[in-house]
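What follows is a structure written as structure tokens; I'll ask about it next.
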Ligand SMILES: [Fe+2]
């Protein structure tokens, strides 16, 4: 199995492509002086993203007052931050939410999990006023943290079902079972994919260390934020680790983010609201 995965990861043509436009747009919006024209030019290089921006800008979720026909109009009406969020979500959706014959529930669950963790990560940064982590970076990190699991689910859906069944009967973690069945856990697979895509170090570190944020060397706070968001989502039953009661909330992460019991309670209470909010993104 390990050889199969090595082969898959060696062959970049097999790894789903993430549009270069995503990294470019993320960089551009960091600069407060970026012009709408510049952003529109960059986004327009990717026809699939352009189409989803126009579609999503017109969806009920964003409630635009008049019909939006171009990327430029979307940027002027919704603002650069909102459009950037749409770019990240729609490009990620192309990779994270594949149609899987016979395994559609798994694909849908992974996508919901990714969106909930993204939204929770953003809310944690906002709630704790965490310095030096822009909310949109927290969102994107949460959205992509399980990219390795998404890839494993897409290529080996039957194996993932086996792991889920084993998880119900055994006192083990999802991550250990992945290692046993695939030879790699999803953090290792995710890191390799991020390297192939040339993604920024912050995202690589979150993908690699979201289960054990204490090993993050460069961005331990960001890894902690996503770790907490992920754990809350799993304990709330959103994600394919259900039954994985061995998912523990890291004390290191709580210390790093200064999250206390009442913060946790608030975040758990936010879940229904988050689910309502993302249903707009989910179905468009
Ligand atoms: Fe994970």
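Does region 10-23 hold any residues that are over 20 Å from residue 97 (Cβ atoms) and surrounded by 16 or more Cβ atoms within 10 Å (Cβ to Cβ), and which are they?
None - no residue of region 10-23 is over 20 Å from residue 97 (Cβ atoms) and surrounded by 16 or more Cβ atoms within 10 Å (Cβ to Cβ), so the list stays empty.
Another question, if that's okay. If I ask for residues that are within 27 Å of residue 13 (Cβ to Cβ) and within 13 Å of the ligand (Cβ to nearest atom), which ones from region 201-216 would you list?
206, 207, 208
May I ask you to list the residues in region 156-166 that are within 15 Å of the ligand (Cβ to nearest atom) and in contact with a helix residue (DSSP H, G or I) (Cβ under 6 Å, 6 or more places away or on another chain)?
Residues satisfying the conditions are 160, 163.
Checking residue 96 against (1) modelled with pLDDT of 85 or more; (2) closer than 28 Å to residue 40 by Cβ; (3) within 16 Å of the ligand (Cβ to nearest atom): exactly one of these is not met. Which one?
Here residue 96 meets the rest and fails (1).
So if I check each of 176, 198, 171, which one is closer than 28 Å to residue 2 by Cα, more than 16 Å from the ligand (Cβ to nearest atom) and out of contact with any helix residue (DSSP H, G or I) (no Cβ under 9 Å at 6 or more places or on another chain)?
Just a single option satisfies the conditions, and that option is 171.
Answer yes or no: is there a residue in region 41-56 that is closer than 22 Å to residue 138 by Cβ, at pLDDT below 85 and surrounded by fewer than 15 Cβ atoms within 10 Å (Cβ to Cβ).
There is no residue in region 41-56 that is closer than 22 Å to residue 138 by Cβ, at pLDDT below 85 and surrounded by fewer than 15 Cβ atoms within 10 Å (Cβ to Cβ).
Collect the residues in region 87-103 that are buried (at least 22 other Cβ atoms within 10 Å of the Cβ) and free of Cβ contacts under 8 Å to residues at least 60 places away in the same chain, keeping them in residue-number order.
Answer for region 87-103, where residues must be buried (at least 22 other Cβ atoms within 10 Å of the Cβ) and free of Cβ contacts under 8 Å to residues at least 60 places away in the same chain: 90, 96.
Got a number for residues in region 133-155 being more than 16 Å from the ligand (Cβ to nearest atom) and surrounded by fewer than 23 Cβ atoms within 10 Å (Cβ to Cβ)?
6
Looking at 119, 106, 73, which one is surrounded by fewer than 20 Cβ atoms within 10 Å (Cβ to Cβ) and modelled with pLDDT of 90 or more?
The match here is 73.
Continuing with the same structure: Go through (1) within 22 Å of residue 101 (Cα to Cα); (2) surrounded by fewer than 24 Cβ atoms within 10 Å (Cβ to Cβ) for residue 186 and report which single condition fails.
Residue 186 satisfies every listed condition except (2).
Results for (1) part of a loop (DSSP other than H, G, I, E, B); (2) touching a strand residue (DSSP E or B) at 6+ places or on another chain (Cβ under 9 Å); (3) within 23 Å of residue 135 (Cα to Cα), shown as yes or no for each residue.
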{"residue": "51", "(1), (2), (3)": "no, no, no"}
{"residue": "56", "(1), (2), (3)": "no, no, yes"}
{"residue": "63", "(1), (2), (3)": "yes, no, yes"}
{"residue": "74", "(1), (2), (3)": "no, no, yes"}
{"residue": "83", "(1), (2), (3)": "no, no, yes"}
{"residue": "86", "(1), (2), (3)": "no, no, yes"}
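The values are calculated or read from the model by the stated rules, or taken from the named source; none is laboratory data. All values reported here derive from a predicted model rather than from experimental measurement. Cβ coordinates were reconstructed from backbone atoms using ideal geometry, including for glycine residues, and neighbour counts include every protein chain displayed.
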